[in-house]
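Here the structure is laid out as structure tokens; the discussion comes afterwards.
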Amino acid sequence: MRVPRIYHPELLPAQGKVMLDEDAANHVGRVLRMQAGQAVLLFDGSDAEFPAVITNASKKHVEVEIQERVENSLESPLDLHLGQVVSRGEKMEFTIQKSVELGVNTITPLISERCGVKLNADRFDKKLQQWQKIAIAACEQSGRNRVPEIRPIMSLEAWCAEDYDGLKLNLHPRAPYSINTLPGPVTKVKLLIGPEGGLSAEEIAMTETHQFEETLLGPRVLRTETAALTAITALQVRFGDLG
């Protein structure tokens with residue numbers, strides 16, 4: 001049986017006993033039904049893993065004893081910031097989960113003119129918490145030890161106007177470069193993925209004023225979640241650590 005990887009939201013000691021937080025304890029004690037004496041592998045957002053053994057377990061409280069700290073970074077050399085216009089239903093969750101698996105470092109949910117999702121502030125806050133948990137679960141599954149940040153939701157224009165010292169990309173079917181032919185080297189990318197209905201002409205012009213480069217994915221029209229993952233994969237192959 002594979003040793004479960006469990007995220008701990010606070011920095012962990014190299015050795016010693018630690019109580020897991022509520023979410024982790026519920027997963028270990030209630031979902032996995034693990035018992036004292038079984039092994040888990042903790043990580044805390046640093047480039048390290050912490051092999052540990054459960055010393056006490058119930059459905060609500062789990063104590064573990066950390067045996068050592070092991071440095072282990074699986075981070076890509078490419079720093080990727082995804083700006084994703086919020087998509088409907090499970091599409092946004094799917095995009096977050098898979099982009100974390102593919103190595104994205106930061107995700108900012110965006111609101112644009114043709115965004116099909118209308119939520120009030122409270123519901124957006126709940127969505128943000130849910131999306132962060134999805135990112136954590138993706139790290140637990142994929143072996144990443146750093147948890148990407150899911151930033152607060154913001155407007156497309158405000159996000160595009162932020163200072164950024166890397167390459168800024170917007171997908172466009174008539175762009176002069178494909179991702180595979182972008183001039184390098186590149187170590188930082190801010191990638192914009194629009195809504196299901198696409199960006200308006202005014203929004204495309206706005207991205208140009210903020211020095212976003214247009215890039216081409218291919219001849220076919222892709223759904224927003226497909227476009228995001230295809231572009232991330234292509235960027236990781238071109239500049240990151242996917243072979």
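Computed from the coordinates by the stated procedures, all read-outs in this text should not be read as laboratory data. The model shown is predicted, which means the values in this text are computed figures rather than measured ones. Cβ: placed from backbone, ideal geometry, glycine included. Neighbour counts: every protein chain shown.
Full extension of the chain between Glu162 and Lys118 yields a length gain of 13.5 nm, computed as 0.36 nm times the residue separation minus the alpha carbon distance. Our note on the geometry: Cα centres of the stretch 166-231 and the stretch 34-100, 30 Å apart.
Residues within the reach of a label modelled at Met154 (point 7 angstrom out along Cα to beta-carbon, backbone nitrogen below 18 Å), restricted to the stretch 123-148, are 124-125, 128-129, 132, 148. Which parts of the stretch 6-38 would a label at His61 reach, counting a residue when its backbone N lies under 14 Å from a point 7 Å out along Cα-to-Cβ? From the stretch 6-38, the list is 18-22, 25-26.
Helices in the chain, meaning DSSP H runs of at least 4 residues, each add -39500 (n - 2.57). Divided by all residues, the mean residue ellipticity at 222 nm is -8500 deg cm²/dmol.
So which residue, out of Lys190, Lys168, Lys60, gets the largest mean-square fluctuation from a GNM of the chain using Cα contacts under 10 Å as springs? It is Lys60. Could you sort out which of Lys17/Lys91; Lys91/Lys190; Lys59/Lys118; Lys60/Lys188; Lys17/Lys190; Lys60/Lys190 sit more than 32 Å apart by Cα distance in this structure? From Lys17/Lys91; Lys91/Lys190; Lys59/Lys118; Lys60/Lys188; Lys17/Lys190; Lys60/Lys190, over 32 Å: Lys17/Lys91; Lys59/Lys118; Lys60/Lys188; Lys17/Lys190; Lys60/Lys190. Partner aspartates and glutamates whose Cα lies under 13 Å from the Cα of Lys168, excluding those fewer than 8 positions away in the same chain, are identified as Asp79, Glu208, Glu213, Glu214. Once backbone amide H atoms are built at 1.01 Å from N, Glu213 has Lys168, Leu169, Asn170 as its partners under 5 Å, excluding neighbours fewer than 5 places away on the same chain.
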